[in-house]
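Presented below is the structure to which this report refers.
The values are calculated or read from the model by the stated rules, or taken from the named source; none is laboratory data. Computed from a predicted model, the values in this text were never measured in an experiment. Note that we place each Cβ from the backbone using ideal geometry, even for glycine, and neighbour counts take in every protein chain shown.
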Amino acid sequence: MNTRPEASRRRRVGIIGAATVVAAVLFVLLAYYSVGRQSLQTSRADPRSEAQLTRGRIVYEQHCAACHGQKLEGQPNWRIRLPNGRLPAPPHDDTGHTWHHPDDVLFALAKNGLVPPYAPAGYESDMPAFRSILSDEDIWAVLAYIKSHWSADAVKWREEMLRQTQPSGGGR
């Protein structure tokens, strides 16, 4: 019985496994830091762009206002679950929590719906995924339109909140 080759093989497998784990962790960290910096530094949702605001208003009125309100006010009692266990549509104005989230998260929620990693697996929501209905440019325009309705205070609080959640070195 030759245990030396077996021990050597186990050692190689262990080293390869450890290297794979380290590479995966580095990849996740790199992706996290890259997205974090992008969230604060750039956004494709520009509330100062008249073209984007016009497009965003039209798309919002056609696809979002029925649930989130013509004035972004959301549905009544949006924090209280309905009899079916789902939550009503939240407001997108200062009274809601939309401004608490980075643009990339808001984009993903609109495009993909409430699915992991933004909701638990199997979470039931009336929020549809718009990926097959709206273009990415339409979604960014809606986000610009929503952001244009936030007060200066909400924008300031949001920037501070996002700055605090960014990895070090990811700020402006």
* Picking from Asp94, Asp104, Asp153, which residue would you name as being touching a residue at least 40 places away in the same chain (Cβ under 8 Å) and under 17 Å from the mean Cα position of the chain (by Cα)? -> Asp104
* Can you work out which of the residues in the range 32-61 that are modelled with pLDDT of 95 or more and among the basic types (Lys, Arg) is surrounded by the fewest Cβ atoms within 10 Å (Cβ to Cβ)? => Arg57
* Residues satisfying the stated conditions in the range 103-130, i.e. over 23 Å from Trp157 (Cα atoms) and assigned to a helix (DSSP H, G or I) -> Lys111, Asn112
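What number of residues in the range 56-102 are outside any loop (DSSP other than H, G, I, E, B), touching a helix residue (DSSP H, G or I) at 6+ places or on another chain (Cβ under 6 Å) and not basic (Lys, Arg)?
4
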* Asked: In this structure, does Val155 turn out to be β-branched (Val, Ile, Thr), assigned to a helix (DSSP H, G or I) and over 24 Å from Gln62 (Cα atoms)?
  -> yes
